[in-house]
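Here is the structure we will look at, set down as structure tokens.
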Amino acid sequence: MSEQARRRPHKPYRRPQKDPVRMLAFEALRAVDERDAYANLVLPPLLKKAREKEGPDKFDGRDAALATELVYGTLRRQGTYDAIIAACVDRPLREVDPPVLDVLSLGAHQLLGTRIPTHAAVSASVELARVVLGDGRAKFVNAVLRKISQQDLDAWVAQVAPPYDEDAEDHLAVVHSHPRWVVSALWDALGGGRAGIEDLLEADNERPEVTLVARPGRSTTEELAAATETLPGRWSPYALRMAEGGEPGAIEAVKEGRAGVQDEGSQLVAIALANAPVEGSDTRWLDGCAGPGGKAALLGALAAERGAFLLASEKQPHRARLVERALAGNPGPYRVIAADGTRPPWRPGTFDRVLMDVPCSGLGALRRRPEARWRRRPEDLDGFAPLQRALLTEALGAVRVGGVVGYATCSPHLAETRVVVDDVLKKVGGAELIDARPLLPGVPALGDGPDVQLWPHLHGTDAMYLALIRRTA
């Protein structure tokens with residue numbers, strides 16, 4: 001060793017500093033990846049834990065908002081960020097360890113999707129890498145993020161996305177961060193046109209509003225508006241939209257179950273079924289796939305106003321318990337059971353109104369569950385198809401002649417909506433579609449009917465589908 005090297009002072013080792021906000025975001029992304037968890041279920045306990053551990057002085061509302069933005073923003077733009085990261089590494093992304101990729105994605109979002117200064121985004125991400133990955137891989141993270149920081153998002157997208165004229169679906173998939181097969185399915189459901197699909201994909205990447213429902217006979221929109229800062233609902237008479245940063249759990253009516261958090265599209269499905277004309281008696285209602293209970297609670301309140309009985313059935317016992325919680329205190333008669341709607345315990349022709357909000361791909365709620373777009377596969381629809389048909393068939397068997405069935409999905413995919421309804425109606429017979437559009441008064445752009453498809457970019461709701469079917473024989 002040379003004399004100069006001996007005299008050079010050693011750089012002291014610095015212990016990496018833990019940033020509670022970015023640590024929390026990283027933990028949430030790992031849970032989504034490793035356990036197939038959903039961010040909306042993982043985040044609340046992580047935020048609570050951080051507040052308790054760090055204290056309100058070191059982890060306040062702004063920290064919680066930043067952690068939430070980092071998680072959801074990274075998940076929503078994952079496809080775009082993957083394409084950009086792939087252009088900056090010397091190996092296929094599948095050969096990059098998933099925890100490393102999560103740190104890189106968090107860094108990419110801070111650089112390209114937030115107003116965090118470049119130097120702060122890079123240094124905070126490298127510090128996170130030192131804590132969770134070690135010094136060696138932190139150097140890799142530093143090198144990649146410095147490459148990413150050399151261009152803004154628009155420049156990167158222009159570089160990594162194929163031209164629209166050469167491959168429209170792949171272009172939209174990269175630009176708007178959706179799997180190609182989802183782009184194709186949504187485009188088919190919309191019926192073509194570039195403007196519509198781009199508007200929809202962009203809406204899927206926006207943060208959804210928190211919408212409240214005042215359950216009739218139990219709460220009012222006036223009570224909710226007095227409790228927190230809100231805007232009126234767009235379409236539902238029971239809806240209010242919360243101001244950004246509002247905490248629904250702090251509202252007394254929500255705590256007591258007299259009101260709840262429910263997307264306006266979900267509210268409209270329940271309202272339309274409740275208001276559909278039936279012939280004869282109107283005393284027995286069924287929610288055949290009631291978990292987790294939002295629609296059941298609204299249906300129960302509407303049924304109570306008319307003196308009708310609601311049976312809420314849910315196959316999974318733990319979800320049935322959620323339904324019980326949602327309906328607790330309902331002013332009218334109701335019962336919650338754990339039962340399989342494809343092998344129902346009730347007699348045929350028992351009910352006047354039946355709602356079947358069937359299990360589906362969830363492609364209509366990608367704003368709320370952005371990770372679902374990366375988790376679902378086209379073949380998943382083949383798994384849902386027999387169940388959806390069986391549930392609708394049994395629903396038509398459960399309703400009496402002159403009664404009405406509402407078939408609903410939180411998916412606009414044609415294989416889960418019109419194709420299911422058409423197939424079942426051909427096989428069952430003695431049933432006819434009725435026009436659902438007049439039962440959503442004031443709601444524009446409902447198409448040619450008789451069924452209804454709601455859209456995030458047109459209605460500000462989840463992409464709920466509803467077909468109303470009357471039993472005729």
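The values are calculated or read from the model by the stated rules, or taken from the named source; none is laboratory data. A quick note: this is a predicted structure, and the numbers were derived from the prediction, not measured. Note that we place each Cβ from the backbone using ideal geometry, even for glycine, and neighbour counts take in every protein chain shown. Surface accessibility is based on the protein's heavy atoms, side chains included, excluding ligands, DNA and RNA. Shrake-Rupley method; radii C 1.70, N 1.55, O 1.52, S 1.80 Å.
In the stretch 105-128, which residue that is touching a residue at least 12 places away in the same chain (Cβ under 8 Å) and of a type in the set (S, T, N, Q) is most open to solvent (accessible area, probe 1.4 Å)? Out of the qualifying residues, it is Thr118.
Being in contact with a helix residue (DSSP H, G or I) (Cβ under 8 Å, 6 or more places away or on another chain), open to solvent by 50 Å² or more (accessible area, probe 1.4 Å) and at negative phi narrows it down to one residue among Asp204, Asp199; which is it?
Numbers: Asp204 fails: open to solvent by 50 Å² or more (accessible area, probe 1.4 Å).
The unique qualifying residue is Asp199.
If we scan the stretch 116-123, do we find a residue that is more than 30 Å from His171 (Cα to Cα) and at pLDDT below 95? No, that holds for no residue. If I filter the stretch 40-53 for residues that are outside any helix (DSSP H, G or I) and in contact with a Lys or Arg (Cβ under 8 Å, 6 or more places away or on another chain), do I get at least one hit? No.
Against the condition crowded, with 17+ Cβ neighbours inside 10 Å, outside any helix (DSSP H, G or I) and in contact with a helix residue (DSSP H, G or I) (Cβ under 7 Å, 6 or more places away or on another chain), how does Val89 come out, does it pass? Can you show your working first?
On the way: crowded, with 17+ Cβ neighbours inside 10 Å: yes; outside any helix (DSSP H, G or I): yes; in contact with a helix residue (DSSP H, G or I) (Cβ under 7 Å, 6 or more places away or on another chain): yes.
So Val89 fits the description; yes.
Against the list (1) crowded, with 21+ Cβ neighbours inside 10 Å; (2) within 18 Å of Met23 (Cα to Cα), the condition Ile84 fails is (2).
Return the total of residues in the stretch 145-165 being out of contact with any Leu (no Cβ under 6 Å at 6 or more places or on another chain) and assigned to a helix (DSSP H, G or I).
Of all residues in the stretch 145-165, those out of contact with any Leu (no Cβ under 6 Å at 6 or more places or on another chain) come to 145-147, 150-152, 154-165.
When the remaining residues are screened for being assigned to a helix (DSSP H, G or I), the result is 145-147, 154-160.
Result for the stretch 145-165: 10.
Within the stretch 379-391, the set of residues being in contact (Cβ under 8 Å) with a residue 40 or more places away in the chain and either over 17 Å from Thr342 (Cα atoms) or open to solvent by less than 10 Å² (accessible area, probe 1.4 Å) (or both) comprises Leu391 only. Of the helices (runs of 4 or more DSSP H) contained entirely in the stretch 380-469, those carrying at least 1 residues that are more than 21 Å from Gln262 (Cα to Cα) fall at 380-398, 418-428.
Here Val96 meets each of (1) hydrophobic (A, V, I, L, M, F, W, C); (2) open to solvent by 40 Å² or more (accessible area, probe 1.4 Å); (3) free of Cβ contacts under 8 Å to residues at least 12 places away in the same chain with one exception, condition (2). From the list Asp102, Asp63, the one residue that fits, being part of a helix (DSSP H, G or I), at pLDDT below 95, crowded, with 19+ Cβ neighbours inside 10 Å and not aromatic (Phe, Trp, Tyr), is Asp63.
Taking the conditions (1) under 22 Å from Gly233 (Cα atoms); (2) free of Cβ contacts under 8 Å to residues at least 12 places away in the same chain in turn, Asp462 satisfies each one other than (2).
Among the residues of the stretch 105-122, write down those that are in a helix (DSSP H, G or I) and in contact with a helix residue (DSSP H, G or I) (Cβ under 6 Å, 6 or more places away or on another chain). If you could, list the steps in order and put the result at the bottom.
Looking only at the stretch 105-122, we keep the residues that are in a helix (DSSP H, G or I), and these are 105-112, 118-122.
Those that are in a helix (DSSP H, G or I) and in contact with a helix residue (DSSP H, G or I) (Cβ under 6 Å, 6 or more places away or on another chain): Ser105, Leu106, Gly107, Ala108, His109, Gln110, Leu111, Leu112, Ala121, Val122.
Being over 23 Å from Trp346 (Cβ atoms), of a type outside the set (D, E, K, R) and surrounded by fewer than 24 Cβ atoms within 10 Å (Cβ to Cβ) is the requirement here; does Leu458 meet it? Let's see the steps before the verdict.
Numbers: over 23 Å from Trp346 (Cβ atoms): yes; of a type outside the set (D, E, K, R): yes; surrounded by fewer than 24 Cβ atoms within 10 Å (Cβ to Cβ): yes.
Yes: the conditions hold for Leu458.
What number of residues within the stretch 314-354 are of a type in the set (A, V, I, L, M) and under 21 Å from the mean Cα position of the chain (by Cα)? Can you show your working first?
The first filter runs over the stretch 314-354 and keeps only residues of a type in the set (A, V, I, L, M), leaving 320, 322-323, 326-328, 336-339, 354.
If we keep only those that are under 21 Å from the mean Cα position of the chain (by Cα) too, we end up with 320, 322-323, 326.
Selection size over the stretch 314-354: 4.
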